[in-house]
1. State which residue is farthest from residue 160 (Cα to Cα) when the search covers only segment 24-50 and only residues that are of a type in the set (A, V, I, L, M, F, W, C) and under 17 Å from the mean Cα position of the chain (by Cα).
2. How about segment 61-81: which of its residues are surrounded by 13 or more Cβ atoms within 10 Å (Cβ to Cβ) and more than 18 Å from the chain's Cα centre (by Cα)?
3. Name the residue, out of 109, 98, 12, 102, that is modelled with pLDDT under 90, over 15 Å from residue 149 (Cα atoms) and touching a helix residue (DSSP H, G or I) at 6+ places or on another chain (Cβ under 6 Å).
4. Under 7 Å by Cβ, and 6 or more places apart or on different chains, what pairs join a residue from segment 143-165 that is free of Cβ contacts under 8 Å to residues at least 24 places away in the same chain with one that is among the β-branched types (Val, Ile, Thr)?
5. Of all residues being of a type in the set (A, V, I, L, M) and touching a Ser or Thr at 6+ places or on another chain (Cβ under 8 Å) in segment 27-56, which is surrounded by the fewest Cβ atoms within 10 Å (Cβ to Cβ)? Just the residue, please.
6. Can you run down the residue pairs with Cβ atoms below 6 Å, 6 or more apart or on separate chains, where the first is in segment 72-101 and in contact (Cβ under 8 Å) with a residue 60 or more places away in the chain and the partner is hydroxyl-bearing (Ser, Thr, Tyr)?
7. Which of the residues that make up segment 21-63 are more than 19 Å from residue 137 (Cβ to Cβ) and in contact (Cβ under 8 Å) with a residue 12 or more places away in the chain?
8. Which one of these is in a helix (DSSP H, G or I), touching a Lys or Arg at 6+ places or on another chain (Cβ under 8 Å) and modelled with pLDDT of 85 or more: 151, 158, 144, 92?
Amino acid sequence: MNAEDSKLRPNVILSVIIFFALWGGSLMVGRFVVIPIIELLPSNTMIWLSVCLSLRKILICGIQIAAFFAWVKFAEKRKITTIGFTSKHKAICYWSGVFLGVGSVSAIVFVSATFGIIEVSFNGISPITLLVSSLFIAAFGWAIQSASEEIAIRGWLIPTLGIRYSPILAVLLTGKYLE
């Protein structure tokens, strides 16, 4: 069963309303639940601040992912795998993309710093400590955040619009209005 098999085939307006209800609602719930917890953690060093910000992102985006999974499973009554999880080696594909993304960003920062385009400041922290802790934690946060966006837009919204109208129209609408 995939998006075409869903009995729910909302029009553009209803699809966008459902999207923003799931996305925005889970964002608000996530912030309401997560921020008070994060504020209890120490944030007196650069590393702890990075940990807190990344943890906030991980938890809030995790709630967003759960909202879309719940919608697909309970409202549309279809399997979670129908929103784009088609690879046999899902974890390998996902983490390969994460590491490729982190490597690309790191290369850009390295080249930019080397040519003086940007200035990298370590604020008294050894570069190795900063790299191992902050960068790893931030990269994990970015991985969860990007997964939530992919699941919401490419996994749910584009197929939902694509089965009712056309895949080209779905991509154009989401590209134009959800930039």
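1. Residues of segment 24-50 of a type in the set (A, V, I, L, M, F, W, C): 27-29, 32-35, 37-38, 40-41, 46-49.
Within this subset, residues satisfying the condition of being under 17 Å from the mean Cα position of the chain (by Cα) are 27-29, 34.
Working: 27: 21, 28: 24, 29: 24, 34: 30 Å.
The selected residue is 34.
2. Passing the criteria: 73, 75, 76, 78, 79.
3. After ruling out the rest, the residue left standing is 102.
4. 158/171; 158/174
5. Let us first name the residues in segment 27-56 that are of a type in the set (A, V, I, L, M), namely 27-29, 33-35, 37-38, 40-41, 46-47, 49, 51, 53, 55.
Now narrow it down to the ones that are touching a Ser or Thr at 6+ places or on another chain (Cβ under 8 Å): 46-47, 49, 51.
Numbers: 46: 17, 47: 17, 49: 14, 51: 20.
So, considering only residues that are of a type in the set (A, V, I, L, M) and touching a Ser or Thr at 6+ places or on another chain (Cβ under 8 Å), the one surrounded by the fewest Cβ atoms within 10 Å (Cβ to Cβ) is 49.
6. From segment 72-101, the pairs are 76/6; 78/6.
7. Restricting attention to segment 21-63, the residues satisfying the condition of being more than 19 Å from residue 137 (Cβ to Cβ) are 21-29, 31-33, 36.
Answer for segment 21-63, where residues must be more than 19 Å from residue 137 (Cβ to Cβ) and in contact (Cβ under 8 Å) with a residue 12 or more places away in the chain: 22, 23, 25, 26, 27, 29, 31, 33.
8. Within the list 151, 158, 144, 92, the selection yields 144.
The values are calculated or read from the model by the stated rules, or taken from the named source; none is laboratory data. The structure presented is a predicted model; accordingly, all values stated were derived computationally and were not measured. Here Cβ is always computed from backbone atoms with ideal geometry, including for glycine, and neighbour counts include all displayed protein chains.
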